[in-house]
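K.L.:
Dropping the structure in here first, questions after.
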Amino acid sequence: MARRFARKPRSFHAALWHESMLCGLCVGRVSKGREHLTLHYLESSPIPTHPLRGLVMPIMFEAALQYALALGVKELRLREPLSALIPRYKEFGFRVVGNTRNPIYLGRILANEGGP
């Protein structure tokens, strides 16, 4: 899935490891005008006992947030979030943006987050 984002200068890749165990991955892309960083894929390890269970989402959001702030991006977005996780995403400040047709996007404005 991430292959289409590989070697693109505006792409965002993050891998979360605990020792030698891969616990999570995140792939996204910054828009041409640096208006938003859209996270296309955010996955936790399917191993239910991995040591970072429950922490992948907040760690990945923080990594994406810091990357976005460093680039001066105005909004962090999630593309096609799982509907069952939307309440959890809202706990992190995301809300539905644009129309409610497919694909659905959630967004979090970064204007008040501070930055460099």
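K.L.:
With the chain treated as a Gaussian network of Cα nodes joined by springs under 10 Å, which of S31, S45, S83 yields the largest mean-square fluctuation?
P.N.:
Fluctuation is largest for S83.
K.L.:
In the set (1) 88; (2) 146; (3) 125, which value of volume of the Cα convex hull per residue in Å³ was calculated from the structure you see?
P.N.:
This structure yields the entry labelled (3).
K.L.:
Taking 0.36 nm per residue of sequence separation and subtracting the Cα-Cα distance, how much length would be gained by fully extending the chain between S83 and E19, in nm to one decimal? Show your work: numbers first, answer last.
P.N.:
Working: separation 64, 0.36 × 64 = 23.04 nm, distance 3.17 nm.
Answer, rounded to one decimal: 19.9 nm.
K.L.:
Please return the longest range in the chain lying between exposed loop sites, taking trypsin sites (Lys or Arg not before Pro), DSSP loop only, at most 15 other beta-carbon atoms within 10 Å, and leaving the sites out.
P.N.:
Working: sites that count: R7, R10, K32, R34, R53, R101.
Result, exposed sites excluded: 54-100.
All of the numbers you see were taken from the coordinates with simple rules; none came from a lab. Everything numeric here is computed off the predicted structure, so don't read it as measured data. Every residue, glycine as well, gets a Cβ built from its backbone with ideal geometry; the counts of neighbours run over all protein chains shown.
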